[in-house]
1. With runs of 4+ DSSP H residues as the only contributors, calculate the mean residue ellipticity of the chain at 222 nm using -39,500 (n - 2.57) per run, divided by the residue total and rounded to the nearest 500.
2. Distance in nm between label sites at Leu37 and Ser20, each 7 Å beyond Cα in the beta-carbon direction?
3. Could you calculate the contour length gain from Met46 to Arg96, that is, 0.36 nm times the residue separation minus the distance between their Cα atoms, to one decimal place in nm?
4. Dipole magnitude of the chain about its Cα centre, charges +1 at Lys/Arg Cβ and -1 at Asp/Glu Cβ only, in debye to the nearest 20?
5. How far is helix 72-93 tilted, in degrees, relative to the longest principal axis of the Cα atoms in the chain, given as a value from 0 to 90 rounded to the nearest 10?
6. Using alpha carbons only, how many angstrom separate the centre of region 17-40 from the centre of region 46-62?
7. Looking only at region 21-54, which residues have a backbone nitrogen under 18 Å from a spot 7 Å from the Cα of Leu89 in the C-beta direction?
Amino acid sequence: GVVLAAGVTLAVGLGFLLRSTGGGLVTAFLLMLVLPLILPQLGSWMRNVAEVLPGSGAVYLLFDGDGPDLATTSALTVLLGWAAATLVLGWWRLVRDDANR
């Protein structure tokens, strides 16, 4: 349930931030599924970048620890941090650009 709620929050925040439903969904798809699989293949330092993407935390939580080398608390922190950050940035863009018009 946490992974689903964080994924929805991430998609909604990206939609508000990018001001596009399609752009938000494509970006969420890339962050959750594509980049965590591709980046570790490109080098050791890219593996560290892939571990801070929300998809790595979601994979760890969904498959009970199989996947990236994360702890449960760090996987939750990464996933919820991305969700909260995109929602706050999306809210900020909505208030700054659209609410005043």
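1. Computed mean residue ellipticity for the chain: -21000 deg cm²/dmol.
2. For Leu37 paired with Ser20, the spin-label model returns 2.3 nm.
3. Extra length available between Met46 and Arg96 comes to 14.6 nm.
4. Working: 5 positive and 6 negative charges, 92 e Å.
Dipole of the chain, to the nearest 20 debye: 440 debye.
5. Relative to the chain, helix 72-93 is tipped by roughly 20 degrees.
6. With region 17-40 and region 46-62 each reduced to a Cα centre, they are spaced 13 Å.
7. From region 21-54, the list is 21-36, 49-54.
The numbers here are math on the coordinates, done by the rules we state, and not lab data. Keep in mind that what you see is a predicted model, and the values were worked out from it rather than measured. Virtual Cβ from ideal backbone geometry, glycine too; neighbours counted across all protein chains shown.
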